[in-house]
1. Is it the case that some residue within the stretch 140-154 is over 22 Å from A28 (Cβ atoms), of a type outside the set (D, E, K, R) and touching a residue at least 60 places away in the same chain (Cβ under 8 Å)?
2. Only one of these is at pLDDT below 95, of a type in the set (D, E) and either surrounded by 15 or more Cβ atoms within 10 Å (Cβ to Cβ) or within 22 Å of L14 (Cα to Cα) (or both): D178, D148, D171. Name it.
3. Tell me, yes or no, whether the stretch 155-169 has at least one residue that is in a helix (DSSP H, G or I), in contact with a Cys (Cβ under 7 Å, 6 or more places away or on another chain) and not small (G, A, S).
4. Sort out which residues of the stretch 3-21 are at pLDDT below 95 and more than 19 Å from D95 (Cβ to Cβ), and write them in order of number.
5. Restricted to the stretch 181-212, and to residues that are free of Cβ contacts under 8 Å to residues at least 60 places away in the same chain and small (G, A, S), which residue is surrounded by the fewest Cβ atoms within 10 Å (Cβ to Cβ)?
6. Looking at the stretch 173-192, which of its residues are in a helix (DSSP H, G or I) and of a type in the set (S, T, N, Q)?
7. Quick check on my filter: what residues within the stretch 124-158 are hydrophobic (A, V, I, L, M, F, W, C) and touching a helix residue (DSSP H, G or I) at 6+ places or on another chain (Cβ under 8 Å)?
8. Restricting the search to the stretch 151-168, which residues are within 18 Å of L106 (Cα to Cα) and either touching a Gly at 6+ places or on another chain (Cβ under 6 Å) or surrounded by fewer than 15 Cβ atoms within 10 Å (Cβ to Cβ) (or both)?
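The values are calculated or read from the model by the stated rules, or taken from the named source; none is laboratory data. Here the structure is a predicted model, which means the values were calculated and not measured. We place every Cβ from the backbone using ideal geometry, glycine too, and count neighbours over all the protein chains shown.
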Amino acid sequence: MSYSVQNRGQGFILILSAPSGAGKSTLARHLVQTVAGVSLSVSTTTRSLRPGEVAGQSYHFVDQAAFRARVERGDFLEWAEVFGHCYGTDLAHVDPVLARGECVVLDIDWQGARQVRARRAPEEVVSIAILPPSRSVLQVRLSGRGSDDPQVIARRMAQAGEEISHWAEYDYLLINDDLTRARHELVAIVTAERLRRSRAGDAIQAILATFA
């Protein structure tokens, strides 16, 4: 199913945060593929290209020196170091989307979410914490991937507790216990946020002018 949700005014940043294995990337892809006027910001990272990834689509890959230079120039809306690698959201990929009155999705952790909230006006930012239904379910999901060794899984589980502990900082909580339902709920949040009175912008003035 595809959705056509009209842009009705001001664009906004949609933050999605979740522990690894909670389904964040799957949900983000669904949103971008099915809702018009929604795009995913491609982060810049210092880690190496992995099998199956495409430079410029999965991430923008740079070395440490180039990344640090961009931090110094103020190029990033937010950035953080995770497991020894740096990740950042480039302002050049965010501001043009907002200027078009569209929604830009940031796939970032709680540290990045805090930075974005501190640097942008409250009405520009909507945040969602995506949670697994339980620790045991998350463990099964991570183990079922078959791509990580036990040490990596243990590290991700430890990090999951830290990520989830910041749930109260988010506007919405989306529990991904059923993927189909979670997809519908995510689309519903974006639809509702687009219909906020505060985002009406020039659209309401245009309507009122016809009744003048």
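1. no
2. Details: D178 fails: at pLDDT below 95; D171 fails: at pLDDT below 95.
Unique residue meeting the criteria: D148.
3. Within the stretch 155-169, the first condition is being in a helix (DSSP H, G or I), and the residues that meet it are 155-164, 167-169.
From what is left, the residues that are in contact with a Cys (Cβ under 7 Å, 6 or more places away or on another chain) are none.
No, the stretch 155-169 contains no residue that is in a helix (DSSP H, G or I), in contact with a Cys (Cβ under 7 Å, 6 or more places away or on another chain) and not small (G, A, S).
4. Of everything in the stretch 3-21, those that are at pLDDT below 95 and more than 19 Å from D95 (Cβ to Cβ) turn out to be Y3, S4, V5, Q6, R8, P19, S20, G21.
5. A212
6. Within the stretch 173-192, the subset in a helix (DSSP H, G or I) is 179-192.
Those that are in a helix (DSSP H, G or I) and of a type in the set (S, T, N, Q): T180, T191.
7. Here is the first cut: in the stretch 124-158, the ones hydrophobic (A, V, I, L, M, F, W, C) are 125-126, 128-131, 137-138, 140, 142, 152-154, 157-158.
V125, V126, I128, A129, I130, L131, L138, L142, I153, M157, listed by residue number.
8. So in the stretch 151-168, the residues within 18 Å of L106 (Cα to Cα) come out as 163-164, 166-167.
Of everything in the stretch 151-168, just one residue is within 18 Å of L106 (Cα to Cα) and either touching a Gly at 6+ places or on another chain (Cβ under 6 Å) or surrounded by fewer than 15 Cβ atoms within 10 Å (Cβ to Cβ) (or both), namely W167.
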